[in-house]
Every structure is written in structure tokens, then in C-alpha cells.
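Worksheet: one structure, shown below.
The numbers here are math on the coordinates, done by the rules we state, and not lab data. What you see is a predicted model, and the numbers here were worked out from it, not measured in a lab. Glycine also receives a Cβ, built like all others from the backbone with ideal geometry; neighbour counts cover every protein chain displayed.
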Amino acid sequence: MRILVTIILLATFFSCEKHTAPPAEKITKEIISTPNAPAAIGPYSQAIRVGNRLYLAGQIALDPTSGEMVEGIEAQTRRVLDNIKAVLDAAGFTLNDVVQTQVFIADMNNYGIFNGIYAEYFPSNPPARAVVEVSRLPKDALVEVMMVAVRTGD
């Protein structure tokens, strides 16, 4: 009887297919750069794409052609968001793909102005967002915005 049980166990063991996990998909990161947005002013990239996700560096209100800062909270907000749109476009994304934004503002008294202009760029289904007042931004900008976008294939 023991021999029969042993034979059945061995037959079962050797007849079972060996299941192995598929090889892990190699994830690559792609540097995104466009002349339609300001060049990085430090050791960072305008954006990094990893699969269907895009991580955008913070943008300030530098004019991509002149490299000069535009003046005033309204102009800076529009320039920042236009710079971001240019980086998104270079990566094949749109504002509709943005899922999260982080906003750094030098004076919270400008929040209402910023918010009104921001709403023009995200009129419906806006991304999750945080806004914080900071003591100082690069080049004494009034606002800096960074984002994460995900292309879902919808």
C-alpha cells in the first residue's frame, strides 16, 4: 500500500506543470524636454515619463524664448500653466491627464487670483491639489506648480 501511495504521489508531482512567474516587465524612464518650455535652471529634467505616468518638475513663469520672468501674479500663473502644457504636449499628454498638482505660492493673498486662472485651465474634473505658501521661490517667482499626469487610454 505504501508503494502505491508513493507511486501516486510521485506521478502527481512529476505530472504537474511547473508554473513560473512571467519575467518582470522592465520599466524604463524617459527624459522629456522641449524648447517650448523654459530649460531647467538646475540639475533636473522638465519631466520624466515612466510607463503611462508623467512626473513634471516645478515650473515658474520664465518665458521659454527670452528666459525672462514675466511680471505679476496673473501673467505668472498663465505662463506657468502654459509652460506645463508645453511639457505635457511634448510627452503626448494633456491637461486632462493630470491627476495631481502641487502649488507653491509666495503670498497666500494671491490665492484667489491664482485659483481663478487655474480654474480656466481645469474647467471640469480638476486634479487633486495642494497649495502651500512658501517664503521664497527660484528667481523670486510668485508661483511654482508641479504635476503628475497619468494616461489611462480612455
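Some observations on this one:
- In summary, the convex hull built on the alpha carbon positions of the stretch 47-154 has an orientation-averaged projected area of 6.6 nm².
- Label zone (residue 108, point 7 Å along Cα-to-C-beta; backbone nitrogen cut-off 18 Å) within the stretch 136-150: 136-137, 142-144.
- If R0 equals 22 Å, the separation of the Cβ atoms of residue 71 and residue 152 corresponds to a calculated FRET efficiency of about 0.05.
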